[in-house]
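Here the structure comes first, spelled out in structure tokens, and everything after it is commentary.
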Amino acid sequence: MSINILKAQEGTLCRLWSESQAEISLTRVNDGHYFAELTPGRSYKLGIAATSGQPELVTAMASVREGINLKTLRLAERPSPVAAREEPPVAKGITATDKTLYFPRSEYKLPVQSRTYLDSVALYILEHKNKGLRITGHTDNVGNPSLNLTLSEYRVRVISRYLIGKGVPEGVIAAVGLGSKFPVRPNDSEENRRMNRRVEVQIIDLDSKSN
């Protein structure tokens with residue numbers, strides 16, 4: 001399971017328990033990112049808490065499936081005594097289209113050249129409340145299929161996290177990694193394999209997200 005904590009601050013703690021209340025060790029990447037190897041088919045209890053001031057514990061039950069499970073939690077924001085700053089209005093007239101983003105072999109770091117496009121997509125979604133996103137990750141067929149599946153899921157996740165960081169609501173994003181099962185070209189040359197190492201970003205009507 002990969003656990004992502006939105007609004008995490010320095011000192012944020014994350015804990016994980018089994019159904020029998022036994023605490024399970026987590027691998028910490030940073031304050032907002034943790035990993036754990038769990039048994040599929042079982043449920044687990046997550047807790048996150050801020051260490052400054054009065055700790056606030058947020059819990060949730062997570063049912064684990066086969067493969068990488070992505071779990072995103074958000075720490076509740078405390079009211080600020082300072083008057084809220086008025087947010088600038090979202091620019092009107094933003095347009096965005098479907099696009100395929102490509103990744104180097106074995107990499108899932110967001111390509112720098114993709115950020116301008118994703119920024120425009122985020123503005124478009126914020127302006128059009130009836131629109132959502134379908135994000136689908138793919139790989140070439142080089143290497144272990146299970147690792148390719150994991151890699152495709154991480155590529156999808158890094159794009160989803162970038163968009164969420166730009167203000168896109170998590171609930172309007174349908175994201176999935178499919179590994180090497182659906183190539184757009186035969187994996188018989190490096191150029192063709194490069195075209196298969198991709199993430200497809202599609203703008204959809206919200207009422208069709210589950211279709």
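Listing for the model above:
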{"read-out": "Some residue of region 182-194 being more than 19 Å from Leu206 (Cα to Cα) and under 16 Å from the mean Cα position of the chain (by Cα)", "value": "no"}
{"read-out": "Per-region count, region 111-167, residues surrounded by fewer than 16 Cβ atoms within 10 Å (Cβ to Cβ), of a type in the set (Lys, Arg) and part of a helix (DSSP H, G or I)", "value": "1"}
{"read-out": "Breaking point among (1) within 26 Å of Ile5 (Cα to Cα); (2) touching a helix residue (DSSP H, G or I) at 6+ places or on another chain (Cβ under 8 Å), for Asn187", "value": "(1)"}
{"read-out": "Asn30, sole failed condition from (1) within 18 Å of the chain's Cα centre (by Cα); (2) modelled with pLDDT of 75 or more; (3) surrounded by fewer than 11 Cβ atoms within 10 Å (Cβ to Cβ)", "value": "(2)"}
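The values are calculated or read from the model by the stated rules, or taken from the named source; none is laboratory data. Quick caveat: nothing in here was measured; it's all calculated off a predicted structure. Reconstructed Cβ throughout: ideal geometry from the backbone, glycine too, with neighbour counts over all protein chains shown.
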